[in-house]
Amino acid sequence: MATTTTYVGKAATDRISDDNNIAPTTLEAGNVDGHRKLVAPPLVVAMSPEQRFEAEKRLRRKIDTRLLPMIILMYIMNYLDRNNIAAVRLAGLQDELNLSSVQYQTTVSILFVGYVLMQIPSNLFLNKTGKPAVYLPCCMIIWGIISGATGAVHNFAGLVTCRFFLGFIEAAYFPGCLFYLSAWYTRKELGLRTAVLYSGSLISGAFGGLITAGITSNMNGTHGLRAWRWVFILEGIITVIFAFSAFFVLPNFPRTTTWLTEEERQLAVYRLQEDVGEDDWVSAENQTFFHGLKLALMDIKTWVLMVLLLSIVSSSSVTNFFPTVVKTLGYPNIQTLLLTAPPYVLAVITTYTNAWHADRTGERFWHIVLPLCVAVFAFILAAATTSTAPRYVAMMLMVPGIYTGYVVALTWISNSLPRPPAKRAAALAFINAISNTSSIYASYMYPQPKTGQPNLTIPLSVDCATAALAIIMTVIMRIILGRLNRKLARGEHVEGAINTVPGVGAANGFRFLV
């Protein structure tokens, strides 16, 4: 009989939620019909419910303060270094290097080839070492150097080479951070923190155009260099500076962070055990490179989530060429770059709000579907009209529509595939890697003529269709999780879940968030 974990014992208490503050749950030792029970560590057992409540608040505040601001800054630079290729096209890159439309599209596409190849090995390596505070900043230093070196290229071959290796190294960051956050926060805390992380990309989208506009206006021709070269050089330097500071700020995993007190360490570890009834990252010796990947690939939820995220990321390909899309409004280059900012600012607001509400309610389905419905409407509007005002309204809605639900969908991966950590790390990397393959082919959907306005009807229609497919996959995922939760409520065994003993605590056991 398979050994599973159960929530039983006279000391077990119900969870009390107040803006993601979790009151204590103590579990007794022993076995009930082969079901393993968690045992709270001594310093946690010694806490009263009120003390435990306050201790968790202090711990979350401490980790939030050290972790979240730095990973936002790191992701801002990650996204700027990756996507500045769209802005620098308007700053003279395509003209100076004499790139054809297909060659320019290849420079955008090739980054995602390296990005896809490295994600799974990188996340499995991160899980094996347990040292994200060392690994992620090291990767950041390397990609900052590559980004800065891009400002020195003189032909298509050099640009393609830099872009490939930039994607290869940057692949470590985003799936690594998703796994990183899931090693610190419970399932109902994870949505807002994922939104905080992803806000880095939205902020960079908002200010990337502004930065390029400023450099284009003030540094074009400085020391004989065109403005697009200064964009790469300056952003690369800033990336390296942030990376060095990250070494001194970021925590590792709960068991490997030295600046936590022993009480904080025990509480940080146990509250994750308590959330899903199983231990999380313990040591490098307990992690395997391929067992976690095998577990992830054998779970049907991985494949449904993969298609869901693939569809959303395919829809978001419009943002890889957003300055070109906004250019169809007919404004000069500087005004065009400035107009790219407001949709991203709105997306930051809606993403935070939606993720906060999703965490507070524990609901996932509607927090993904409703924003996607807005995206579908925006794509239809943008494709159906050439009038300036309606098309810019569509642009204002399509960016929030895509990313507001995307963040909650990312959280759904860790929520639905929580343990063991090797499986979660592999699933996050696999799903994120496959979803980004869409950016390889999507790059060729958006024409990049050197003169005149591109026809965006076909790419916008494809983005609309993939957003609709994402809605369908969200419905399927909800049906699957609903059936699994009903099985858990009956006390039936569910692979990958923490099962209850029939008739004992079934109402209060683990449930998938739907």
Among (1) of a type outside the set (A, V, I, L, M, F, W, C); (2) modelled with pLDDT under 90; (3) assigned to a loop (DSSP other than H, G, I, E, B), the one test that P323 misses: (3)
Any hit, region 34-41, residues being within 14 Å of E263 (Cβ to Cβ) and at pLDDT below 85: yes
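Consider V325 carefully, then state whether it is under 17 Å from the mean Cα position of the chain (by Cα) and either open to solvent by 10 Å² or more (accessible area, probe 1.4 Å) or hydrophobic (A, V, I, L, M, F, W, C) (or both).
No; evaluated as a whole, the condition is false for this residue.
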Single unsatisfied condition, V282 versus (1) modelled with pLDDT under 90; (2) in the same structural domain as I169 (by the TED database); (3) over 30 Å from I85 (Cβ atoms): (2)
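Within the group A394, A425, which residue is part of a helix (DSSP H, G or I), touching a Ser or Thr at 6+ places or on another chain (Cβ under 9 Å) and free of Cβ contacts under 8 Å to residues at least 24 places away in the same chain?
Selected residue: A394, the only one of A394, A425 that is part of a helix (DSSP H, G or I), touching a Ser or Thr at 6+ places or on another chain (Cβ under 9 Å) and free of Cβ contacts under 8 Å to residues at least 24 places away in the same chain.
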Lone qualifier among Y185, Y198 - being under 11 Å from the mean Cα position of the chain (by Cα) and in the same structural domain as E96 (by the TED database): Y198
Search result, residues across region 328-338 that are open to solvent by 20 Å² or more (accessible area, probe 1.4 Å), touching a Leu at 6+ places or on another chain (Cβ under 7 Å) and under 15 Å from G208 (Cα atoms): N333, L338
Of all residues making up region 207-230, the number that are in a helix (DSSP H, G or I) and touching a residue at least 60 places away in the same chain (Cβ under 8 Å): 14
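Residue-wise test of (1) in contact with a Phe, Trp or Tyr (Cβ under 7 Å, 6 or more places away or on another chain); (2) in a helix (DSSP H, G or I).
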site: F165; (1), (2): no, yes
site: P175; (1), (2): no, yes
site: W184; (1), (2): no, no
site: L190; (1), (2): no, yes
site: T194; (1), (2): no, yes
site: L202; (1), (2): yes, yes
site: G205; (1), (2): yes, yes
Residue that is nearest to L197 (Cα to Cα) [pool: residues in region 346-356 that are under 18 Å from the mean Cα position of the chain (by Cα) and open to solvent by 50 Å² or more (accessible area, probe 1.4 Å)]: Y352
Residue count for region 410-435, restricted to those that are at pLDDT 85 or above and closer than 25 Å to F168 by Cβ: 11
Residues that are surrounded by 23 or more Cβ atoms within 10 Å (Cβ to Cβ) and more than 15 Å from N83 (Cα to Cα), drawn from region 140-165: M140
Failed item in (1) open to solvent by 10 Å² or more (accessible area, probe 1.4 Å); (2) modelled with pLDDT of 85 or more, with A506 passing the rest: (2)
Filter pass, N84 being touching a residue at least 24 places away in the same chain (Cβ under 8 Å) and farther than 25 Å from F179 by Cβ: yes
Residue list for region 82-107, filter: more than 18 Å from S316 (Cβ to Cβ), assigned to a helix (DSSP H, G or I) and open to solvent by less than 10 Å² (accessible area, probe 1.4 Å): V88, L93, Q94, Y104, T107
Residue within region 377-391 that is assigned to a helix (DSSP H, G or I), farther than 30 Å from I480 by Cα, open to solvent by less than 10 Å² (accessible area, probe 1.4 Å) and touching a residue at least 12 places away in the same chain (Cβ under 8 Å) present: yes
For I480: the one exception among (1) in contact with a Lys or Arg (Cβ under 7 Å, 6 or more places away or on another chain); (2) open to solvent by less than 30 Å² (accessible area, probe 1.4 Å); (3) at pLDDT 85 or above: (2)
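The values are calculated or read from the model by the stated rules, or taken from the named source; none is laboratory data. The structure displayed is predicted, hence computed values, not measured ones. Every residue, glycine as well, gets a Cβ built from its backbone with ideal geometry; the counts of neighbours run over all protein chains shown. When the accessible area is computed, the model is the full protein with side chains, heavy atoms only, and any ligands, DNA or RNA have been set aside. Shrake-Rupley method; radii C 1.70, N 1.55, O 1.52, S 1.80 Å.
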